[in-house]
Amino acid sequence: MSQMPQPVAGPNCPSCGEPQAPGDLFCGACGYDLSAVPAGRGQDRPTLAIGTPVAWPAAEAGSAGTPASAHRPGDLPGTDSDGDPLPGPGVRYDIPPGHPAAPKASGDFELPAPQPGTAVAADPRAAAQPAAATEAAAKLCVACRAGRVDTDGYCENCGHAQPRERDHMEQELGSVAAVSDRGLRHHRNEDSFAVSSTALPDGSPAVVAVVCDGVSSATRPDEASAAAARAANEQLLESLPRGTHPQQAMHEAIVAAASAVNSLAADAGRGEAMEHDSGRHQNAPACTIVGAVAAGGLLVVGWVGDSRAYWVPDDRSGPPARLTEDDSWAAQMVAAGLMNETEAYADERAHAITGWLGADAYELEPHTASFKPDRSGVVVVCTDGLWNYAEGADEMARAVPADAAERPLHSAQVLVGHALDGGGHDNVTVAVLPFAVPQPGAGSAYSTA
């Protein structure tokens, strides 16, 4: 069972997670020296920059105190967003079933792994049910073809979970594509995505990719991720054509996604349905989010949680980059200089996230960053179900096919396959968004296709 954070007056101990009061020099539970941990994680900026960063001018504040949508996407080069510190208190564990650090009582049903030498039934997701002559025939198990399917979607004979619409999803829309898969251990797919495109006021294209990962320790994580992806996508499609700067539009999209997830916690009609899930029904629906927008020569990313965006240039002689920083215990340890990345992500607490969308989140802190790439490439937007098997930027670049810009759907399929071949312990979702930079002498028109 994943831990639920509780409101505290100060940050948590980075060693044991015990809440601390402001001004404490040592943890009262484990004696950890708190003076070695800085008060905040520093500037909200990506791990690596693309091209030459320049200053991002501050937008004029509107009547509500939020930046006004005053800039055109092509007017400004890109750089990091504002320097607000990341939230410190509170963690939440989102560890996939089967992971060595997974809690023993997760409340999640796991499909057993096939044993060597035993016959394995065909993947039900690849089997299409034949047209049923009767209602009874339509409810036969697709695995054993003998047992009936109960109302929960499991075979009464062999117990096999039946195919769901979200078990495997694919979508290709022009120059962006996404694939989501349940994986090999989860009983359902708690990830979701949205890909879309629109036009800016000057007629140039804007391409959007949003990926969300439901927090498994929460109730209805699948609904949370779907609501967040849908709301963020709709907000971007509404604000970008009005001329809202893409970075401001991304911020507003994450706020809209958070509101959509928060509204799920107010759904009192689901109270009785959640009572059977002992302990978890008190956890509000929650998810992480990461999104990317290619518009007006800019690449804008936004995120909350530990879902990531990577940059992989078409010319692999150029360096790839990770564009996001995790809201996680491991990232805090690295930022504080207490551990290197290898040590931090090998720790059993590495998957404790410190930021998420949900009614029980401490304070919403959307992170956004804007870049102006100097060469063409693709953006890989993904959940930890993929990056657990290709964590570093170089590893991710090696997993991305060389023709990713021309075949984004195929590339997304290959990346999902990479995660499944590695073990598929979690849901896997990835979107591939090509970003084209005009070559010298090819004109000034910008295209994302």
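The values are calculated or read from the model by the stated rules, or taken from the named source; none is laboratory data. Here the structure is a predicted model, which is why all the values come from computation and not from measurement. Using ideal geometry, Cβ is built from the backbone for each residue, glycine included, and neighbour counts are taken over all protein chains shown. Side chains are part of the model used for accessible areas, which takes the heavy atoms of the whole protein and leaves out ligands, DNA and RNA. Shrake-Rupley method; radii C 1.70, N 1.55, O 1.52, S 1.80 Å.
Residues in the range 150-185 that are open to solvent by less than 70 Å² (accessible area, probe 1.4 Å), hydroxyl-bearing (S, T, Y) and part of a loop (DSSP other than H, G, I, E, B): 1 in all.
Note on the range 201-226: residues that are open to solvent by 10 Å² or more (accessible area, probe 1.4 Å) and farther than 30 Å from A436 by Cβ total 5.
Taking E348 as the residue in question, decide whether it is among the charged types (D, E, K, R), in contact with a helix residue (DSSP H, G or I) (Cβ under 6 Å, 6 or more places away or on another chain) and at pLDDT below 85. Judged against the criteria, E348 is not a match. Among the conditions (1) of a type in the set (V, I, T); (2) open to solvent by 50 Å² or more (accessible area, probe 1.4 Å); (3) under 21 Å from the mean Cα position of the chain (by Cα); (4) farther than 30 Å from G296 by Cα, the only one that V414 does not satisfy is (4). Screening E223 on (1) free of Cβ contacts under 8 Å to residues at least 40 places away in the same chain; (2) in a helix (DSSP H, G or I) shows it passes everything except condition (1). Quick one: would you say V255 is modelled with pLDDT of 90 or more and closer than 30 Å to Q439 by Cα? No; evaluated as a whole, the condition is false for this residue.
Inspect all residues belonging to the range 260-281 and state whether any of them is within 17 Å of the chain's Cα centre (by Cα), open to solvent by less than 10 Å² (accessible area, probe 1.4 Å), at pLDDT 95 or above and over 26 Å from G417 (Cα atoms). Yes, the range 260-281 contains a residue that is within 17 Å of the chain's Cα centre (by Cα), open to solvent by less than 10 Å² (accessible area, probe 1.4 Å), at pLDDT 95 or above and over 26 Å from G417 (Cα atoms). The single condition among (1) within 24 Å of P408 (Cα to Cα); (2) buried (at least 24 other Cβ atoms within 10 Å of the Cβ); (3) touching a Pro at 6+ places or on another chain (Cβ under 9 Å) that F193 does not meet is (3). For the range 312-320, the condition of being open to solvent by less than 10 Å² (accessible area, probe 1.4 Å), at pLDDT 95 or above and under 17 Å from the mean Cα position of the chain (by Cα) holds for none of the residues.
For (1) closer than 22 Å to Q171 by Cβ; (2) of a type in the set (G, A, S); (3) open to solvent by less than 30 Å² (accessible area, probe 1.4 Å), each residue gets a yes or a no:
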residue	(1), (2), (3)
I353	no, no, yes
A359	no, yes, no
E363	no, no, no
T383	yes, no, yes
L409	yes, no, no
L420	yes, no, no
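Out of the residues in the range 358-387 meeting the condition of being hydroxyl-bearing (S, T, Y) and part of a strand (DSSP E or B), tell me which one is farthest from P319 (Cα to Cα). Of everything passing the filter in the range 358-387, T368 is farthest from P319 (Cα to Cα).
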